[in-house]
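Written out below as structure tokens is the structure these notes cover.
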């Protein structure tokens, strides 16, 4: 242990609060034999009440995170949805097996 606290915080990253607009999604995801998650498509209800399906997903990065102590996997993605290309985060909560999408 050092005077500057180096080596005392060895817990996982605490990400705090989820930012942006959140939508619950249904996600078709491939779980590999090594535990990696790869979202293949997802569905959500848009602001007009229409069910949207997004299958054009480019995953930029994947990180293990903790939101207020809840373990999750966060995929930062670029998706094509309703003739727009947008950046979203697909977040999988390990304890409840639920998915959300966040965007700004």
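None of the figures in this text is laboratory data; all of them are computed from the coordinates on show. All values derive from a computational prediction rather than experimental measurement. Here Cβ is always computed from backbone atoms with ideal geometry, including for glycine, and neighbour counts include all displayed protein chains.
For residue 95 and residue 55, FRET efficiency with R0 = 25 Å and r from the beta-carbon atoms, rounded to 0.05?
0.40
How much length is gained on full extension from residue 64 to residue 29, taking 0.36 nm per residue of separation minus their Cα-Cα distance?
11.0 nm
So how much slack lies between residue 18 and residue 84, counting 0.36 nm per residue of separation and subtracting their Cα-Cα distance, in nm?
Net length gain for the segment: 21.4 nm.
Give the relative contact order (percent, whole number) for segment 12-65; include only Cα pairs under 8 Å separated by 6+ residues.
After rounding, I find 28 percent.
Between segment 51-74 and segment 28-44, how many Å separate their Cα centres?
When both Cα centres are located, 10 Å separates them.
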